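Trainee: Can you keep this structure in mind? I'll have questions shortly.
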Amino acid sequence: MEDSTMTRRGLLKTAAITGAAAGLGSLAPSAVLGTDGRWETIAPATSNATMVGVPFERHEKVRLGIIGVGGRGTGVCGEFLAVPGVEVKAVCDVVPARTAHAASMVERAGQPRPTEYHAGDHDYENLCKRDDLDLIYIATPWIWHVRMALSSLEHGHHTATEVPSARTLDECWALVNASEKARKHCMLFENCCYGETELMVLRMCKAGLLGELTHGAGAYNHDLRSLLFSDSGEGLWRRFEHLDRNGNLYPTHGLGPVANYLDCNRGDRFDYMVSMSSPSVGLQAWRAANLHADDPKMKEVYHCGDQNTSLIKTAKGRLITVEHNVSEPHPYDRINLIAGTKGIFRDYPARLYLDGQKEGERFVGLESHKADFEHPLWTSQGEMARKSGGHGGMDYIMCWRVIECMKEGTAPDFDVYDAAAWSAPGPLSEISIAKGSAPVKFPDFTRGNWHTPRPFAGV
């Protein structure tokens with residue numbers, strides 16, 4: 001939304017209006033107590049065919065539209081422009097200066113100036129109506145992801161959203177149904193799955209280096225207090241998520257890589273979860289220490305606990321711990337842990353312990369394993385990725401890989417079922433907490449197709 005209208009009242013009013021127009025609920029659906037004593041929601045009936053393993057049409061070039069060219073969207077636009085075979089045809093934002101900046105980036109990359117869409121909150125619909133786009137990438141405030149993705153899919157475009165893809169279970173199902181109906185992919189652009197360490201550890205897991213895998217952990221522990229209270233960028237909307245929600249608001253960065261290690265949606269799946277939140281005090285303390293007493297933000301009431309810890313049980317009985325904390329001072333940490341019968345890997349810093357290793361009972365670095373387990377994407381594209389610089393190169397690898405799949409006509413690494421399953425801990429954690437940290441069942445977004453083995457990034 002425009003800076004001038006980005007107030008809590010304006011944001012929520014717009015969300016309610018557009019949510020109603022799209023037929024989506026603004027809250028998670030009511031949960032019912034299942035026969036096994038766990039709370040669950042009922043999957044909507046559909047006759048749509050699955051999108052599991054469906055290949056892209058082969059593209060000589062990929063024509064791209066981008067909705068949202070603020071900080072994140074502009075950065076990823078630059079990554080796409082560095083990938084051979086991408087043409088940025090259209091950019092959209094409600095702030096005209098942002099579309100002008102993005103359009104100039106495209107021109108400096110040697111491409112024709114893209115069409116700019118900036119005529120209000122719904123001009124993205126006109127971008128989606130174009131018939132000369134192969135992929136639309138969405139990088140907007142979270143409440144807009146689903147309605148923009150639905151418009152893109154309805155008009156026949158493959159679609160990618162920033163994380164999380166959805167904020168409610170209704171929205172998760174809406175994406176699944178729309179992707180299946182349109183026969184177009186809807187992908188969660190989870191860049192952390194393409195980190196150099198994450199892809200190396202994925203290869204270690206598939207090679208059996210850690211033995212039979214039993215548990216993992218992921219997190220988004222990131223001190224965002226200054227950003228949340230900023231009067232620009234994400235400060236204009238992201239803090240509002242803490243007003244009326246209490247749970248894990250941002251699960252996918254830590255969860256995505258661990259889900260891949262454990263073959264979730266590829267032989268296993270998330271079964272149920274429980275969630276707990278600490279008191280909500282961190283944002284209040286930072287606000288009291290840094291804002292003037294008459295600042296309107298001083299009147300806001302935050303309900304989201306500073307620390308959220310959730311436990312996920314998979315269908316095969318494996319355990320995943322997922323943490324979220326953006327409200328307290330601490331170093332950045334996604335945990336990125338995976339363990340099994342032969343050893344354990346922990347990140348931040350990256351370290352490995354293997355049963356019986358010559359170094360004894362202590363963690364060691366990954367250097368000695370790089371030659372055997374570095375992922376081919378980093379072997380072939382690592383130099384360009386590091387030069388590009390987006391989050392250590394993972395952003396470029398992600399963009400390059402998606403375009404490679406589209407050009408070769410192969411199935412994408414992740415699909416709408418991953419987008420739904422990895423986003424679902426947000427609303428499910430809210431349900432669990434509201435019901436006294438009761439166990440809550442995950443919907444099977446794949447409708448039984450999670451048994452199908454399939455690789456991620458060729459592994």
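Trainee: Quick check, is Glu241 on the phi < 0 side of the Ramachandran plot, within 21 Å of the chain's Cα centre (by Cα) and not aliphatic (A, V, I, L, M)?
Mentor: yes
Trainee: Going through His222, His185 one at a time, which residue ends up being over 20 Å from Asp295 (Cβ atoms), open to solvent by 30 Å² or more (accessible area, probe 1.4 Å) and of a type outside the set (Asp, Glu)?
Mentor: Working: His185 fails: open to solvent by 30 Å² or more (accessible area, probe 1.4 Å).
Result: His222 is the single residue among His222, His185 that is over 20 Å from Asp295 (Cβ atoms), open to solvent by 30 Å² or more (accessible area, probe 1.4 Å) and of a type outside the set (Asp, Glu).
Trainee: Among the numbered criteria (1) without any contact (Cβ under 8 Å) to a residue 12 or more places away in the chain; (2) open to solvent by less than 30 Å² (accessible area, probe 1.4 Å), which single criterion is violated by Thr379?
Mentor: (2)
Trainee: Given the conditions (1) under 23 Å from Phe56 (Cα atoms); (2) in contact with an Asp or Glu (Cβ under 9 Å, 6 or more places away or on another chain), which single one is not true for Arg183?
Mentor: Result: Arg183 fails condition (2) only.
Trainee: Under the condition of being more than 14 Å from the chain's Cα centre (by Cα) and among the aliphatic types (A, V, I, L, M), which residue from the range 162-174 is surrounded by the fewest Cβ atoms within 10 Å (Cβ to Cβ)?
Mentor: Out of the qualifying residues, it is Ala174.
Trainee: Hey, any hits in the range 195-204 for a residue that's open to solvent by less than 10 Å² (accessible area, probe 1.4 Å) and small (Gly, Ala, Ser)?
Mentor: yes
Trainee: Tell me, which residue of the range 261-286 that is outside any strand (DSSP E or B), out of contact with any helix residue (DSSP H, G or I) (no Cβ under 7 Å at 6 or more places or on another chain) and among the hydroxyl-bearing types (Ser, Thr, Tyr) is farthest from Phe229 (Cα to Cα)?
Mentor: Ser278
Trainee: For the range 80-102, give me each residue that is under 22 Å from Ala149 (Cα atoms), among the small types (Gly, Ala, Ser) and either open to solvent by 30 Å² or more (accessible area, probe 1.4 Å) or outside any strand (DSSP E or B) (or both).
Mentor: The answer is Ala102, and nothing else.
Trainee: Which one is nearest to Glu323 (Cα to Cα), of the residues in the range 247-260 that are in a helix (DSSP H, G or I) and not aliphatic (A, V, I, L, M)?
Mentor: Of everything passing the filter in the range 247-260, Gly254 is nearest to Glu323 (Cα to Cα).
Here is a yes/no grid of residues against (1) surrounded by fewer than 15 Cβ atoms within 10 Å (Cβ to Cβ); (2) at pLDDT 95 or above; (3) touching a Leu at 6+ places or on another chain (Cβ under 7 Å); (4) aliphatic (A, V, I, L, M):
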{"site": "Glu300", "(1), (2), (3), (4)": "no, yes, yes, no"}
{"site": "Asn308", "(1), (2), (3), (4)": "no, yes, no, no"}
{"site": "Glu323", "(1), (2), (3), (4)": "no, yes, no, no"}
{"site": "Tyr348", "(1), (2), (3), (4)": "no, yes, no, no"}
{"site": "Phe373", "(1), (2), (3), (4)": "no, yes, no, no"}
{"site": "Gly389", "(1), (2), (3), (4)": "yes, no, no, no"}
{"site": "Val402", "(1), (2), (3), (4)": "no, yes, no, yes"}
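Trainee: Which condition breaks for Arg108 when tested against (1) without any contact (Cβ under 8 Å) to a residue 40 or more places away in the chain; (2) under 24 Å from Met394 (Cα atoms); (3) surrounded by 15 or more Cβ atoms within 10 Å (Cβ to Cβ)?
Mentor: Checking Arg108 against (1) without any contact (Cβ under 8 Å) to a residue 40 or more places away in the chain; (2) under 24 Å from Met394 (Cα atoms); (3) surrounded by 15 or more Cβ atoms within 10 Å (Cβ to Cβ), the one that fails is (3).
Trainee: Taking the condition among the acidic types (Asp, Glu) and not in a helix (DSSP H, G or I), does Glu383 pass?
Mentor: The answer is no for Glu383.
Trainee: Now for a different question. Please go through the range 434-459 and pick out each residue that is in a helix (DSSP H, G or I) and either touching a Lys or Arg at 6+ places or on another chain (Cβ under 8 Å) or open to solvent by less than 40 Å² (accessible area, probe 1.4 Å) (or both).
Mentor: Trp450
Trainee: Moving on. Quick check on Met6: is it crowded, with 16+ Cβ neighbours inside 10 Å, within 24 Å of the chain's Cα centre (by Cα) and modelled with pLDDT under 80?
Mentor: Numbers: crowded, with 16+ Cβ neighbours inside 10 Å: yes; within 24 Å of the chain's Cα centre (by Cα): yes; modelled with pLDDT under 80: yes.
Judged against the criteria, Met6 is a match.
Trainee: Checking Leu283 against (1) open to solvent by less than 30 Å² (accessible area, probe 1.4 Å); (2) within 22 Å of Tyr194 (Cα to Cα); (3) more than 23 Å from the chain's Cα centre (by Cα), which single condition isn't satisfied?
Mentor: The number of the failed condition is (2).
Trainee: Would you point out the residue of the range 406-416, among those that are in a helix (DSSP H, G or I) and buried (at least 23 other Cβ atoms within 10 Å of the Cβ), that is nearest to the chain's Cα centre (by Cα)?
Mentor: My answer is Val416.
The values are calculated or read from the model by the stated rules, or taken from the named source; none is laboratory data. Remember, it's a predicted structure, so these values are computed and weren't measured experimentally. All Cβ positions, glycine included, derive from the backbone under ideal geometry; neighbour counts span all protein chains shown. Ligands, DNA and RNA are stripped out before the accessible areas are found, and what is left, the full protein with its side chains, is counted by its heavy atoms. Shrake-Rupley method; radii C 1.70, N 1.55, O 1.52, S 1.80 Å.
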